[in-house]
Amino acid sequence: MLETYCNDDICKKILQRYIRVDSSQPKGNERDMVTVILDLLPEDVKYSIIEHTPDRQSLIVKIAGENPEGGVAFVGHIDTVPFGDCSSWKYHPLSAEEEDGKIYGRGASDMKGGVAAMTAVIQALLKYGKKPKSDLYFCFTADEENEGIGAVALSKSKELEGVSEFIIAEPSYEQIGVSEKGALWIKVCAKGKLSHSSRPEEGINAIEKLIKFYQKLTQFLDTDTQDKYLGHSTIAITKLQGGVSTNVVPDTAEMELDIRTLTNINHDDILHFVQQLIIDMERKDKGLQLDMTILNNRPAVGTKEDCEMVKHIAHIYQEMHMNPVIRGLMFYTDASQIIPSNPKPFVIMGPGDDKLAHQTNEYISVSSVTKMSKIYIKYLLEYFYEEDEK
């Protein structure tokens, strides 16, 4: 079945069609991707569409099983980041050109390769024609690269209540991801008081106050705890601007911070500290005003590596003569917005090298897409179909 219904030629054709659809942020236009996905599936396939805006949709494809409980849901996002400077690309980001078994284009690795693998699996299972023991879902989400409106809607969908586990098909270098760091992005704006820089004591330096804010927050954040797969929590200044002239103490400034966290850190605790820190700093410096805005808030999530799901997937890898490498991911996925409200086992595993995500000349090997498609199919046949149907 694997060779008959899922091979390089099939996966390449799906992948190229997907890359040639412009679903880049900020517009997304995921409706166009949904149209193409459905065009590649039989007309009688069961699906539901989640409408977000006139041009943005998420899609859920269902293969009904004998039991609505205990199934698995695959999740993949169908938007991409912007192209950047197209002239710096070897091939146009929408060309899906092939070279040495690699397909180039925006989203090739992140993550139209994973979405292509999911589609190949749907096609294969429908052609196979057997009914699984439990319902199987294939979820194509909008807007993962921005606010995650697709994953948020999916997390609230009652359609997935019976699902017992999730597979996030993000690029993982074909390895088994069991955890991902959380992301808390905040912007802090400071308003102080102008003064001549020869008399800085007469002003309130907005830039200096933001630096002090950063130092206090860094001291509070636990960056010592080490995780086996994720390392430690981090905080980075990613934007700092203010000032009008070298000889003027700046009265306004703004700073953006990217905080990446382990599962031992509760983002609410960080935000509570920030609010208290603002109160304390404003009390000590009369005339200082600090305002904080949350730009992104996604908790760290993880699955125990000794859970049955991970053991079963590792077994499939071994059967296919692959080394089941367990890892964590430094970036966030749709899991950050699905798992907190659907606390089920999950893994992040998909085709492609995650290091190529968002890069110029992004590409993916067709063989990687095919390989992961076969892993997905074999896993489903092994654990979600009857014994005599494997």
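The values are calculated or read from the model by the stated rules, or taken from the named source; none is laboratory data. Keep in mind that this is a model prediction, so the values were computed, not measured. Glycine gets a Cβ as well: all are built from the backbone with ideal geometry, and neighbour counts include every protein chain shown. Side chains included, ligands, DNA and RNA excluded: accessible areas come from the protein's heavy atoms. Shrake-Rupley method; radii C 1.70, N 1.55, O 1.52, S 1.80 Å.
Brief remarks follow.
- Fraction of beta bridges assigned by DSSP in the chain that are antiparallel (%, nearest 5): 70
- Where a label projected 7 Å from the Cα of Ile237 along Cα→Cβ would reach, residues of the range 257-289 with amide N under 17 Å: 257-260
- Point-charge dipole on Cβ atoms (K/R +1, D/E -1) for the chain, about Cα centre, debye to 20: 600
- Calculated FRET efficiency, Lys284 to Gln226, Cβ-Cβ distance, R0 = 41 Å: about 0.75 to the nearest 0.05.
- Largest accessible area first, the residues Glu386, Glu201 order themselves as Glu201, Glu386 under a 1.4 Å probe with ligands, DNA and RNA left out.
- Here is the size of the chain from its Cα atoms: Rg then Dmax, 23.7, 85 Å.
- Extreme residue, positive dipole direction of the chain, given options Met320, Ile338, Val163 (C-beta unit charges): Ile338
- Share of carbon and sulfur in the accessible heavy-atom surface of the range 189-261 [1.4 Å probe, %]: 48
- Dipole magnitude of the range 329-390 about its Cα centre (Cβ charges: Lys, Arg +1; Asp, Glu -1), debye to nearest 20: 200
- Sequence of Thr303, Thr333 from largest to smallest accessible area, 1.4 Å probe: Thr303, Thr333
- Shown here for the range 36-101: trypsin sites (Lys or Arg not before Pro) in loop regions (DSSP other than H, G, I, E, B) with at most 15 other Cβ atoms within 10 Å, namely Lys90.
- Per-residue ellipticity at 222 nm from helix content only, as computed over the chain with -39500 (n - 2.57) for each DSSP H run of at least four residues, stands at -9000 deg cm²/dmol.
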